[in-house]
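Novice: Sending over a structure as structure tokens; questions will come in a sec.
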Amino acid sequence: MKTPDFKKIPSKEILLESDTCRRWSALLGRLHVSRIIDNVLSRLKSEASKEGIPEEKDLLQGIDDECREIYRIRVIRVINATGIVLHTNMGRSPISPEVWDACKGVNTGYSNLEFNLKTGKRGKRNGILPILVSLLTGSEASMVVNNNAAAVFLVLQALAKGKEVVVSRGEQVQIGGGFRIPEILSLSGARLVEVGTTNITTLEDYKKAFSESTACVLSVHRSNFALRGFTSQPTLSELKSILPPGVFLYMDQGSGVLRGSMKGEIPVESILKQGADLVSFSCDKVLGGPQGGIIAGKANLIRKLETHQLYRVFRPGKTIYSLLEEMLLWRVNGTFSPAEGMPADVPTLMDRAHAVAAAVNSPLLEVVSTECSTGGGSGPDETYPSAGLRIAVKNADSFLTNLRNEPVPVVGYIINGSVYLDLVAVDPHDDALLAETVKRCLGAFS
Ligand SMILES: *Cc1c(COP(=O)(O)O)cnc(C)c1O
């Protein structure tokens, strides 16, 4: 058998200068693409004796495929057609483009993040955040940390370490990927005192649990499940009324519903009004901001948290502060976050669904009413009416995979063997792209 003529293989330098590789170099890094070419070439040389030397175009196709595969691990934009407005696996709340744009200068240049312009000396990080949070919730003071999990940990570590924290058995929950209240508590060095039962916890249960060593009562929002049937627990104001002196009441509220009403949620404003001394919540859930955690409540407690060594570990940088400040400003001025805007206007969603369906123009496609949810640890038991598309393809699983393999991946779901795409969490600007994508996938599919 003839040995293949490896000289016919284009050199790496030539391949790197091809349009395909230059495009990928911008997305993955030139050195990275160069390594990918090495891999493809060495694979080729080992297979060449069997298959002969491939054409340059096949070679580039192989490189292109490998680059595309790796590109899918990058953090890229996707179209969320799951009907879950706050999807923890898809970055929770989108940040509004207006908020994003407004923060550009602060982030791409220098800022007074920790510099007092009046004195010309070192300042505090908070900006006007505590004022904005106070306007929205009535809080005396507030501060920001990297996420709500950090908020819970900081409060317990700074204010309850070595002491007892009383928690109802109905609130010893696990939130999402492994954030467990009992474990966080034990890591913080506080001691968990469990009271009541899963479904019933009474004021008496709490009273019996108080001791010399009690630091606080912790109440945790059941963010991702609902307790129904024969259940009861005291309100926060009832709890407040029986607290011994020096014991504080802390609620891990989670969702970041600040005021007004939302099914299945107690707003932060109401929690503070009922007498909670501290409350914490995520910034990227219902609030609609970047990842962060806000702790709000009594000024003397917030001061202790801000001066604790651990705060240094948990404090965010300028990107988060600037985005949060801007986002809260929009909330103060009356705009809603995507989740606060629920329930969505169904006729509008229906119109959009019809327009997408018309653009795709396939007998497999049907406009349908759907049910959506806020998700992301809010209103766990609530659904809202929505609209979208049902696609009656033969193999729903592989159609979903094809949608995910698109340059801008589309994420949908399956019910009874049909693919569903819900429009509630799809940006209307993406409707045309969605239609195009579905059409292309259907074309490749049939
Ligand atoms: C979401 C949630 C958390 C965790 O918040 P992160 O911001 O994701 O760290 C903790 N407690 C409750 C009640 C939650 O809903």
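The values are calculated or read from the model by the stated rules, or taken from the named source; none is laboratory data. Just so it is clear, the model here is predicted, and its values are computed rather than measured. For neighbour counting, all protein chains shown are included, and Cβ atoms are generated from backbone atoms with ideal geometry for every residue, glycine included.
Novice: Before we move on, is Leu389 touching a strand residue (DSSP E or B) at 6+ places or on another chain (Cβ under 6 Å), crowded, with 23+ Cβ neighbours inside 10 Å and closer than 30 Å to Gly293 by Cα?
Specialist: On the way: touching a strand residue (DSSP E or B) at 6+ places or on another chain (Cβ under 6 Å): yes; crowded, with 23+ Cβ neighbours inside 10 Å: yes; closer than 30 Å to Gly293 by Cα: no.
Considered against the rule, which asks whether it is touching a strand residue (DSSP E or B) at 6+ places or on another chain (Cβ under 6 Å), crowded, with 23+ Cβ neighbours inside 10 Å and closer than 30 Å to Gly293 by Cα, Leu389 comes out as no.
Novice: Let me ask you something else. With respect to Glu326, is the statement that it is outside the structural domain of Tyr384 (by TED's automatic domain parsing), closer than 21 Å to Ala149 by Cα and of a type in the set (Asp, Glu) true?
Specialist: Details: outside the structural domain of Tyr384 (by TED's automatic domain parsing): yes; closer than 21 Å to Ala149 by Cα: no; of a type in the set (Asp, Glu): yes.
Here the answer is no, as Glu326 does not meet what is asked.
Novice: Do we find that Gly177 is assigned by TED's automatic domain parsing to the domain that holds Leu278 and more than 22 Å from Ile302 (Cβ to Cβ) in this structure?
Specialist: Numbers: assigned by TED's automatic domain parsing to the domain that holds Leu278: yes; more than 22 Å from Ile302 (Cβ to Cβ): yes.
Taking the combined requirement at face value, the residue satisfies it.
Novice: Could you grab me the full set of residues in region 74-101 that are among the aliphatic types (A, V, I, L, M), outside any loop (DSSP other than H, G, I, E, B) and within 16 Å of the ligand (Cβ to nearest atom)?
Specialist: Here is the first cut: in region 74-101, the residues among the aliphatic types (A, V, I, L, M) are 75-76, 78-79, 81, 84-86, 90, 95, 99.
Right, trim to outside any loop (DSSP other than H, G, I, E, B) and you get 79, 84-86, 90, 99.
Of everything in region 74-101, those that are among the aliphatic types (A, V, I, L, M), outside any loop (DSSP other than H, G, I, E, B) and within 16 Å of the ligand (Cβ to nearest atom) turn out to be Ile84, Val85, Leu86, Met90.
Novice: Now for a separate question. I need the full set of residues from region 217-262 which are assigned to a strand (DSSP E or B), touching a residue at least 60 places away in the same chain (Cβ under 8 Å) and within 16 Å of the ligand (Cβ to nearest atom), in order please. Lay out the reasoning, then the answer.
Specialist: First, pick out the residues of region 217-262 that are assigned to a strand (DSSP E or B): 217-220, 232, 248-254.
From what's left, touching a residue at least 60 places away in the same chain (Cβ under 8 Å): 218, 248, 250, 252, 254.
Result: Leu218, Tyr250, Asp252, Gly254.
Novice: Step by step: first the residues of region 102-123, then only those that are part of a loop (DSSP other than H, G, I, E, B) and in contact (Cβ under 8 Å) with a residue 24 or more places away in the chain, then the one that is farthest from Thr374 (Cα to Cα). Which residue is that?
Specialist: So the residue we want is Ser111.
Novice: Ok, one more. How many residues does region 273-299 contain that are away from the ligand (no atom under 14 Å from the Cβ) and among the hydroxyl-bearing types (Ser, Thr, Tyr)?
Specialist: Pass one, region 273-299, residues away from the ligand (no atom under 14 Å from the Cβ): 273-275, 277, 296-299.
Now narrow it down to the ones that are among the hydroxyl-bearing types (Ser, Thr, Tyr): none.
Total satisfying the criteria: 0.
Novice: Just give me the residues in region 36-57 being assigned to a helix (DSSP H, G or I) and surrounded by 12 or more Cβ atoms within 10 Å (Cβ to Cβ), in sequence order. Outline the logic, then answer.
Specialist: Kept after step one, since they are assigned to a helix (DSSP H, G or I), are these residues of region 36-57: 36-51, 56-57.
Selection gives Ile36, Ile37, Asn39, Val40, Leu41, Arg43, Leu44, Lys45, Glu47, Ala48, Glu56.
Novice: Within region 177-200, is even one residue modelled with pLDDT of 95 or more, closer than 24 Å to Gly379 by Cα, under 31 Å from the mean Cα position of the chain (by Cα) and aromatic (Phe, Trp, Tyr)?
Specialist: no
Novice: Continuing with the same structure: Test Ser168 against the stated conditions and say whether it is farther than 23 Å from Lys318 by Cα, free of Cβ contacts under 8 Å to residues at least 24 places away in the same chain and either within 15 Å of the ligand (Cβ to nearest atom) or of a type in the set (Gly, Ala, Ser) (or both). Talk me through it step by step, then tell me what you get.
Specialist: Working: farther than 23 Å from Lys318 by Cα: yes; free of Cβ contacts under 8 Å to residues at least 24 places away in the same chain: no; either within 15 Å of the ligand (Cβ to nearest atom) or of a type in the set (Gly, Ala, Ser) (or both): yes.
So Ser168 does not fit the description; no.
Novice: For region 138-184, what are the residues that are in a strand (DSSP E or B) and either closer than 19 Å to His308 by Cβ or among the small types (Gly, Ala, Ser) (or both)?
Specialist: Selection gives Ala141, Ser142, Met143, Val144, Val145, Val165, Ser168.
Novice: So which residues in region 146-165 are among the polar types (S, T, N, Q) and either away from the ligand (no atom under 16 Å from the Cβ) or within 23 Å of the chain's Cα centre (by Cα) (or both)? Reasoning before the result, please.
Specialist: Step one: of region 146-165, the residues among the polar types (S, T, N, Q) are 146-148, 157.
Within region 146-165, Asn146, Asn147, Asn148 meet the criteria.
Novice: Taking the criterion of being within 16 Å of the ligand (Cβ to nearest atom), in a strand (DSSP E or B) and among the polar types (S, T, N, Q), would at least one residue in region 386-400 satisfy it?
Specialist: To start, the set of residues in region 386-400 that are within 16 Å of the ligand (Cβ to nearest atom) comprises none.
No, because not a single residue in region 386-400 is within 16 Å of the ligand (Cβ to nearest atom), in a strand (DSSP E or B) and among the polar types (S, T, N, Q).
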